[in-house]
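Visitor: Please read through the structure below; I'll follow up with questions.
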Amino acid sequence: MSGVNMNVYFKNIPYVGDMTLEYVFYAYDEPILFVCTDIQGTRYLCSCCKLSEEWAVAQVTEKALLEMLDDRIPLDEVFRSCKGVTFVLRWDGERFHQQPGTIPEELLPEPGAFLDLSDAGEYREHIQRAARKRTRRVMAPSHPHFLSWTLQSAISKSSLREQRGQK
């Protein structure tokens, strides 16, 4: 993936921690529109509002990223429809300051603008794999003996039905 970069981009963000640069959609001397992840793997769509000084940041799902990559949802809507964490991040030259809450309209991407990229196919596949993996993880048993317990339970119920003459 040509836009992938797994370096820490924002350090020590309150309530988030370090944010690692995962993918850059657009750059101009530095990332302009990009995705970062925190230590738990939560993704954030970041839009640079003022070079090296101010960013709009919204927690984003794989579903929202896929819709954005497929140009089914405009960029500003990804930020507006965010159900997770949103904040403005400012750098004063020494440290980051976080302004949690709704991102002001003037900091959002142009209304109705789509990503309109043709070279993000590898990243799209990466996000699809991550979404499938997350779905499997949610559906997977959390206890190591869950499968054997479930199988044993099914066998026991089957045996009881056979003893009672039921099918």
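Visitor: For the stretch 96-112, how many residues meet the condition of being under 18 Å from residue 38 (Cα atoms) and either touching a His at 6+ places or on another chain (Cβ under 9 Å) or free of Cβ contacts under 8 Å to residues at least 12 places away in the same chain (or both)?
Guide: The first filter runs over the stretch 96-112 and keeps only residues under 18 Å from residue 38 (Cα atoms), leaving 96-100.
Keeping just the survivors that are either touching a His at 6+ places or on another chain (Cβ under 9 Å) or free of Cβ contacts under 8 Å to residues at least 12 places away in the same chain (or both) gives 97.
Going through the stretch 96-112 one residue at a time, the tally reaches 1.
One line per residue, one yes/no per condition, for (1) of a type in the set (Gly, Ala, Ser); (2) in contact with a Lys or Arg (Cβ under 8 Å, 6 or more places away or on another chain); (3) at pLDDT below 95:
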| position | (1), (2), (3) |
| --- | --- |
| 8 | no, no, yes |
| 33 | no, no, no |
| 58 | yes, no, no |
| 95 | no, no, yes |
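The values are calculated or read from the model by the stated rules, or taken from the named source; none is laboratory data. No experiment lies behind these values; they were computed from the predicted model shown. Cβ: placed from backbone, ideal geometry, glycine included. Neighbour counts: every protein chain shown.
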